[in-house]
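Here's the structure, in structure tokens; my notes come after.
The values are calculated or read from the model by the stated rules, or taken from the named source; none is laboratory data. In this text, all values refer to a predicted model and were calculated from it rather than measured experimentally. For neighbour counting, all protein chains shown are included, and Cβ atoms are generated from backbone atoms with ideal geometry for every residue, glycine included. To get the accessible areas, we keep the full protein, side chains included, count just its heavy atoms, and leave off ligands, DNA and RNA. Shrake-Rupley method; radii C 1.70, N 1.55, O 1.52, S 1.80 Å.
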Amino acid sequence: MAVMRSIMYVPGNNPKMVEKAPSIPADIITLDLEDSVPPSEKEAARKLVAEKLKYAGSSAIIDARKMIVENMHKIAKESVSGAEIYVRINNWETEMTNDDLEAVVWEGLDGVTLAKTGHPDDVKRLDWKLEELERRRGIPVGTVKISMLLETAKGIMNAYECCMASPRNVNAIFGAVDYCRDMHVKITNEAVEQLWGRAKVAIACRAAGLVAIDAPFVSFKDTEAFERNVRDGLQMGYGGRMIIHPSQVEPSNRLYAPDPADVEWAQGVVKVFEEEGLAKGKAAVSYLGKMVDTPVYDNARDILAAQAEIDAKNKK
């Protein structure tokens, strides 16, 4: 599974930010067609992106909507971070979802994020539409992945079912801002009001085998509070972050990666357990004065696997 420590959102109607996307070292760049674009500018946003990016396709007839995704592909290939390219699409209730999908599902698109996912049927419907577009456009079926924003009381209650609704699903994002609005509570940096919903999304993702992506942190200038909030999410099981400002990318990439000290510990554990334990028919050994049994060994292997994924990405 792709590394997803940082998912940077770029407004689809902001030419300057779209142009800067290749220089942002996020793991995923998400071009937004939802909340950051006013309803009156949904179509204009597509045209603006098309005007600001060089057309990457071979067609002599330039379609503004297709240009968006062809140029997203260009961003992905040229990005210093080797970022995957996603698009956040409007939820089905807006009646704009089909138009969004018709506009963006072309070769080079890595995934779509469905805003305000509330029910597993929302995901199944999206899966069906993606397959229809892939078949129609000669894209291998299953190419376009699904990311879900769980950001309403309904979505949180149906979190596990939504996570299990499609084999395309790769992550679910806890949307704290809309969740708090839906719950009629004030959002705070301390995030106490988010605890139950935040934990439920993380557990649902783990149960479904997806990556849990933590909510955007709106006080982007308060780096200390952001890092503290990231660490709280890590303890809940989150593996990445939805980012709303470039300054949050570096701490996300750093904090969601294994700590170097933990990697060194894991290397030692694996070596000792395999050489002194498994090779000699034992399931428990001592390392640095502590017992190492199978669960500790498995944990060490997980740490090394996570680091290997990051190392492989950085070599691209």
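Flag: Gly281 does not match the condition of being under 25 Å from Glu84 (Cβ atoms) and of a type in the set (Gly, Ala, Ser). Taking the criterion of being exposed (fewer than 15 other Cβ atoms within 10 Å of the Cβ) and either hydrophobic (A, V, I, L, M, F, W, C) or more than 13 Å from Gly118 (Cβ to Cβ) (or both), the only residue of the stretch 155-176 that qualifies is Pro167.
The residues of the stretch 8-30 that are open to solvent by 10 Å² or more (accessible area, probe 1.4 Å) and within 13 Å of the chain's Cα centre (by Cα) amount to a single one, Tyr9.
Evaluating Ile75 against the criteria (1) within 25 Å of Ser252 (Cβ to Cβ); (2) out of contact with any Gly (no Cβ under 6 Å at 6 or more places or on another chain); (3) at pLDDT 50 or above; (4) open to solvent by less than 10 Å² (accessible area, probe 1.4 Å) leaves one unmet condition, (3). Taken together, the criteria place Ala207 among residues that are surrounded by fewer than 17 Cβ atoms within 10 Å (Cβ to Cβ), closer than 24 Å to Thr113 by Cβ, among the aliphatic types (A, V, I, L, M) and touching a Cys at 6+ places or on another chain (Cβ under 9 Å).
Residue pairs whose Cβ atoms lie under 6 Å apart, separated by 6 or more positions or on different chains, with the first residue in the stretch 294-316 and in contact (Cβ under 8 Å) with a residue 12 or more places away in the chain and within 25 Å of Ala279 (Cα to Cα) and the second assigned to a helix (DSSP H, G or I) and of a type in the set (Phe, Trp, Tyr), are Tyr297/Phe273.
Of all residues in the stretch 78-92, those being among the hydrophobic types (A, V, I, L, M, F, W, C), modelled with pLDDT of 85 or more and open to solvent by 10 Å² or more (accessible area, probe 1.4 Å) number 1.
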